[in-house]
Amino acid sequence: MNAVIAEVRKVFAGQLWWAFLLVGVGLSAITIVAITPDHVTAVQSGAGTVRAALDDATRYWMTVYLACGCLVAYLVAGEFTDGQMQRSVLLHRLSRGAVLGSKFAAALVVSAAFGLVAALLAWFTPPLVLPLFGLNVAGTGVDLEIVAGVFGVNLLAGVWGFALGVLLRNPVVAVGLFAVQTLLLETYGAKALPEVGQYLLTSALGSLYKDPSVLSMAVLPALGIALAWVGAATVGAVGTFRARDV
């Protein structure tokens, strides 16, 4: 437990975590402000609903998970390049499993913090923001399933970033792969091959916050697929860490 507390303190003692958090929050806010006028036009023409506008203003706080996953991947991979991982294994009286376990627990705490911030913003900002655009949200409540999904995808993204960091051991490569995989490969690959794309991690995460995409599925199957991806990557990371020199 002391090792976990030390790892968590190390992360939050620095400035990097809140810089990434601000980037994630900023991207989410910009996205919501950018798409809401389209909803206003749709509602005024009768082609859209306030419900759809409120749901989008809620779900797009999921963008924080991009910052969360990139941060964890950067921090974990960086420990290999700056020698911290080597010192943890060689100097501390802990097994490799205990060292990696403490860093995994710290990654979960960081991911939960990002998820909590994103979920809180997803819960209380939409009813405050949409009236500024002239939409009447009276009697239309925030979908708490979407809020829960926003929290959940941050946890899963953090674990995925952790696995990439351990596997790749280079912060630039780990963050680059996380971003490219999420924003390009899986996003456009899923659209090109939808029969396969719905089983990719990014599509599964989208289902958790009820993305209206044609690739979305029910929450429970999507959660199972996401856990399978993240679990396989984590098992691979642990096996690699135990087998390779640090």
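Exactly one condition in (1) under 14 Å from residue 76 (Cβ atoms); (2) out of contact with any Asp or Glu (no Cβ under 6 Å at 6 or more places or on another chain); (3) at pLDDT below 95 is not met by residue 103; state its number.
The number of the failed condition is (2).
For region 100-135, give me each residue that is farther than 22 Å from residue 89 by Cα, hydrophobic (A, V, I, L, M, F, W, C) and over 13 Å from the mean Cα position of the chain (by Cα).
120, 121, 122, 123, 124, 128, 129, 130, 132, 133, 135, listed by residue number.
Can you give me the number of residues within region 205-220 that are in contact with a Pro (Cβ under 9 Å, 6 or more places away or on another chain) and of a type in the set (Asp, Glu)?
0
If only one of 173, 110 is surrounded by fewer than 19 Cβ atoms within 10 Å (Cβ to Cβ) and not charged (D, E, K, R), which one is it? Spell out how you get there, then give the answer.
Values: 110 fails: surrounded by fewer than 19 Cβ atoms within 10 Å (Cβ to Cβ).
Answer to the selection: 173.
If you check 162, 241, which single one turns out to be at negative phi, aromatic (Phe, Trp, Tyr) and within 19 Å of the chain's Cα centre (by Cα)? Before you say what the answer is, go through the steps one by one.
Details: 241 fails: within 19 Å of the chain's Cα centre (by Cα).
That would be 162, the only listed residue that is at negative phi, aromatic (Phe, Trp, Tyr) and within 19 Å of the chain's Cα centre (by Cα).
State the number of residues belonging to region 163-199 that are over 22 Å from residue 61 (Cβ atoms) and in contact with a Phe, Trp or Tyr (Cβ under 8 Å, 6 or more places away or on another chain).
Qualifying residue count, region 163-199: 7.
Restricting to region 193-246, give me the number of residues that are assigned to a loop (DSSP other than H, G, I, E, B) and closer than 30 Å to residue 88 by Cα.
The first filter runs over region 193-246 and keeps only residues assigned to a loop (DSSP other than H, G, I, E, B), leaving 193, 198-200, 209-218, 244-246.
From what's left, closer than 30 Å to residue 88 by Cα: 244-246.
Result for region 193-246: 3.
Of (1) within 21 Å of the chain's Cα centre (by Cα); (2) free of Cβ contacts under 8 Å to residues at least 12 places away in the same chain, residue 138 satisfies all except one. Which?
(1)
Condition test on residue 190, is it touching a residue at least 24 places away in the same chain (Cβ under 8 Å) and either on the phi < 0 side of the Ramachandran plot or in a helix (DSSP H, G or I) (or both)?
Numbers: touching a residue at least 24 places away in the same chain (Cβ under 8 Å): yes; either on the phi < 0 side of the Ramachandran plot or in a helix (DSSP H, G or I) (or both): yes.
Yes: the conditions hold for residue 190.
Considering (1) in a helix (DSSP H, G or I); (2) surrounded by fewer than 18 Cβ atoms within 10 Å (Cβ to Cβ), say which one residue 138 fails and leave the rest.
(1)
Which pairs turn up if I take residues in region 208-231 that are free of Cβ contacts under 8 Å to residues at least 12 places away in the same chain and on the phi < 0 side of the Ramachandran plot and look for partners that are surrounded by 20 or more Cβ atoms within 10 Å (Cβ to Cβ) and not small (Gly, Ala, Ser) with beta carbon separation below 6 Å, at least 6 apart in sequence or on another chain?
none
The values are calculated or read from the model by the stated rules, or taken from the named source; none is laboratory data. Nothing here was measured: the structure is a model prediction, and the numbers come from that model. Because the Cβ atoms are built from the backbone with ideal geometry, glycine has one as well, and the counts that use them run over all protein chains shown.
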